[in-house]
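Encoded as structure tokens, the structure appears first; notes follow it.
The values are calculated or read from the model by the stated rules, or taken from the named source; none is laboratory data. For clarity, every value in this text was computed on a predicted model and none was experimentally measured. Here the Cβ is made from the backbone with ideal geometry for all residues, glycine too, and neighbour counts use every protein chain on show. In case anyone asks, the SASA skips ligands and DNA or RNA and just uses the protein heavy atoms, side chains included. Shrake-Rupley method; radii C 1.70, N 1.55, O 1.52, S 1.80 Å.
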Amino acid sequence: MNNAVKQRLKFIELMLLDFGSVKRETISKYFGVSAAQATRDLKLYSDMCGVIGYNISTKRYELTGKLKPRYQW
């Protein structure tokens, strides 16, 4: 995994820890990546932690359980 991906995954984790959710558009704008890349990053993080899911009504990825941080803060 390259450094750019790690930075995006850390950002996803930080958003989840602070706000309990993250939007694909937030990742795209902050890092200047495509929506498809942001979706892949969210999927990767979801596979790593297993406690986030997409909420259709709010159009964001939200915690579905207790998040165990993967990165040092």
Candidate set from the range 30-68 (those that are surrounded by 12 or more Cβ atoms within 10 Å (Cβ to Cβ) and of a type in the set (Lys, Arg)); member that is nearest to the chain's Cα centre (by Cα) | Lys43
State all residues of the range 14-29 that are open to solvent by less than 70 Å² (accessible area, probe 1.4 Å) and of a type in the set (A, V, I, L, M, F, W, C); if no residue qualifies, say none.
-> Leu14, Met15, Leu16, Val22, Ile27
What do you reckon, is Gln72 closer than 14 Å to Lys6 by Cα and open to solvent by 100 Å² or more (accessible area, probe 1.4 Å)?
-> yes
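Yes/no matrix, rows are residues, columns are (1) of a type outside the set (Phe, Trp, Tyr); (2) closer than 11 Å to Leu63 by Cβ; (3) modelled with pLDDT under 95; (4) not in a helix (DSSP H, G or I):
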position	(1), (2), (3), (4)
Ala4	yes, no, no, no
Gln7	yes, no, no, no
Leu16	yes, yes, no, no
Ser28	yes, no, no, no
Val33	yes, no, no, yes
Gln37	yes, no, no, no
Arg40	yes, no, no, no
Met48	yes, no, yes, no
Gly53	yes, yes, yes, yes
How about the range 32-73: which of its residues are touching an Asp or Glu at 6+ places or on another chain (Cβ under 9 Å) and aromatic (Phe, Trp, Tyr)?
-> Tyr45, Tyr54, Tyr71, Trp73
